[in-house]
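Encoded as structure tokens, the structure appears first; notes follow it.
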Amino acid sequence: MPRRRIGFWYRFAAVICKPPLVVLLKRDWRGMENIPAEGGFITAVNHNSHIDPFAYAHFQYNTGRVPRFLAKSGLFNKGFVGAAMRGTGQIPVYRESTDALSAFRAAIDAVERGECVAFYPEGTLTRDPDGWPMTGKTGAARVALQTKCPVIPVAQWGANELLPPYAKKPHLLPRKTHRVLAGPPVDLDRFYDREMTPELLKEATEAIMAAITRLLEEIRGEKAPETPYDPRRERIEQRRRTRAQKRRTGRRGTQPSDAEPAGTRPSDAQPQADRPSGTPTARKEQAQSRAATRKEGLDT
């Protein structure tokens, strides 16, 4: 595959990052033939570790088509980090934009210039308990439908074994293998030249995520769940469970307690006939009863 001009900053980043990656991770990389040699395109990659962007960038760097990742626009104004981000051609995402499509205008421009733009469609580390891809956000689909560029699905596994999602300490031994499988372009032809409605974008995103999941099934040698983990649905369910728990707790709080309220004497809570005759309260009531009987006799 012909290598395009990479530039100083990307080579500088490779000099820094590649040696530790080579030491920490063995490599099982397949599907490089599916990476276009020319023209702009998108790669859509699953995300299961904080270090997999570096491991995946190593794979993509070796194809000769370096990736341009999307990152918060604020990072581009921070000293050396900002200089490196700008120098390596990373894509600023303007989160303050109210127009969903214009938030990706830099990504669209990069694709139209013939660059590779790497998307993590899940938008964050997977929260699926078994590490499968979650439902995706629509950014990659928006750019793909706007530019009609190829979308290359990429599945990766292994960086998450070195540093599991949300873990703070890596598992260095035994040495892990970073497995990558790039597939052929996702067929999005049926979505072109149609109004870009939320429903259309959702369908296109589901097609992209399904392609990534199939590749990951091949890497792992097992089947993914039929329904992808949906963080939004899980949050709704969690709120519903919390409300139900509060209602149950409230009902229990209004039911009579087995214990007597503070300050209440057991004798006061008993029916008169059941009270022991030796208690002060019982003796007082008996005296009152005898006095009432004498009064009735006098009245008669």
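Between Arg86 and Arg241, the C-beta separation translates, for a Förster distance of 51 Å, into a calculated FRET efficiency of about 0.65. Spin-label model, Lys72/Leu200: points 7 Å from Cα along the beta carbon direction are separated by 3.2 nm. Extending 7 Å from the Cα toward the beta-carbon at both Val22 and Arg214 defines two label points whose distance is 3.6 nm.
Between Trp9 and Lys168, the contour length at 0.36 nm per residue exceeds the alpha carbon distance by 54.4 nm.
One quarter of the surface of the convex hull around the alpha-carbon atoms of segment 1-97 equals 7.3 nm², the direction-averaged projected area. Once the 1.4 Å probe is applied to the protein heavy atoms, segment 64-186 comes out at 45 Å² accessible per residue.
Overall shape: oblate for segment 76-219, with the ratio a/c of the largest to smallest alpha carbon gyration tensor axis at 1.5 or above and b/c at least equal to a/b.
Seen from every direction in turn and averaged, the convex hull around the alpha carbons of segment 176-219 projects onto 3.8 nm².
The values are calculated or read from the model by the stated rules, or taken from the named source; none is laboratory data. Only a predicted model underlies this, so the values are computations on that prediction, with no experimental measurement involved. Glycine gets a Cβ as well: all are built from the backbone with ideal geometry, and neighbour counts include every protein chain shown. Side chains are part of the model used for accessible areas, which takes the heavy atoms of the whole protein and leaves out ligands, DNA and RNA. Shrake-Rupley method; radii C 1.70, N 1.55, O 1.52, S 1.80 Å.
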